[in-house]
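Worksheet for the structure shown next.
The values are calculated or read from the model by the stated rules, or taken from the named source; none is laboratory data. None of the values given here were measured: they were computed from a predicted structure. Cβ atoms come from the backbone with ideal geometry, glycine included; neighbour counts cover every protein chain shown.
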């Protein structure tokens, strides 16, 4: 019976460790991972008809990301960078989820609208290079997302922000494609012919996660916030984590065996003691000493004891007797 109990508890501990090890492994996969989201909004004149719509879409995206619940121990699982695409692309806002929750939605619109004097030209290549720099990081720890709202018409300025180079309707020849190999890219409201030109080059570069959406596709596309960040673990790191978990599990099972052995030994001692008490009996409680009976209550053989004889005390008389003459 005791052996069966020991086996049962050992099985429970092993099952608990398997569940605990799985949870710990999943936590290790996500530990330290972060989402980095870069949003590029075209503020140039050629994209004027869609500019406010793009700003509104960006605002909705940021508001949905701000609804993400954070635990008390979390500092934030996302980093957001907003880039204005015009004659001089610049980062106009940067922060984490905590800063995003505190930010005013009108602040982003005001910052985009404040760049009216830079809307004459469009430096698409400069904006993508700026986004590539913002997305730098270890791909095992940083999940990278790039959202672009632009028609991708490249018209960089010359000697003035109001004098542009000849428009280019395809990607620049020296665009740093290697920077987007580990980035999920989505470009919205691209004219159909420009999408065709870009899509051919993207396929030549082997970028599977580089998606372009035409104007009609963008109207039907729902822009959702990225999922929770997941750390990408290589096989060597995974094997190291498994070895560490096995070592911890072996130690826990060892100490659990000691504990179970002690409990089984204690149960055996208690059982043996109970059997010995049943066999030899328990000593009874001490009996009180009998009190001696009074002498008057003791009956002698032959009947009751006769009453003692009363003795008559003769007192000489004080009256003198008759005199003799």
message = Here are the criteria: (1) modelled with pLDDT of 85 or more; (2) closer than 30 Å to residue 271 by Cα. Tell me which single one residue 83 does not satisfy.
response = (2)
ask   = If we scan segment 20-35, do we find a residue that is buried (at least 16 other Cβ atoms within 10 Å of the Cβ), modelled with pLDDT under 85, touching a helix residue (DSSP H, G or I) at 6+ places or on another chain (Cβ under 6 Å) and under 24 Å from residue 143 (Cα atoms)?
value = yes
remark   = A careful count of residues in segment 113-135 that are part of a helix (DSSP H, G or I) and crowded, with 22+ Cβ neighbours inside 10 Å gives 4
task = Identify, from the list 111, 105, the residue that is in contact (Cβ under 8 Å) with a residue 12 or more places away in the chain and over 15 Å from residue 65 (Cα atoms).
result = 111
note = Within segment 178-206, restricting to residues that are at negative phi and touching a helix residue (DSSP H, G or I) at 6+ places or on another chain (Cβ under 6 Å), the one that is surrounded by the fewest Cβ atoms within 10 Å (Cβ to Cβ) is 205
message = Checking residue 138 against (1) crowded, with 20+ Cβ neighbours inside 10 Å; (2) out of contact with any helix residue (DSSP H, G or I) (no Cβ under 9 Å at 6 or more places or on another chain); (3) in a loop (DSSP other than H, G, I, E, B), only one condition comes out false. Which one?
response = (1)
ask   = Just for segment 109-129: of the residues that are closer than 24 Å to residue 79 by Cα and in contact with a helix residue (DSSP H, G or I) (Cβ under 6 Å, 6 or more places away or on another chain), which one is modelled with the highest pLDDT?
value = 112
task = For residue 94, work out the one condition from (1) crowded, with 18+ Cβ neighbours inside 10 Å; (2) more than 17 Å from residue 161 (Cβ to Cβ); (3) modelled with pLDDT of 90 or more it doesn't fulfil.
result = (1)
Residue in segment 97-112 that is surrounded by the most Cβ atoms within 10 Å (Cβ to Cβ), counting only those that are in contact with a strand residue (DSSP E or B) (Cβ under 8 Å, 6 or more places away or on another chain) and under 20 Å from residue 52 (Cβ atoms) = 112
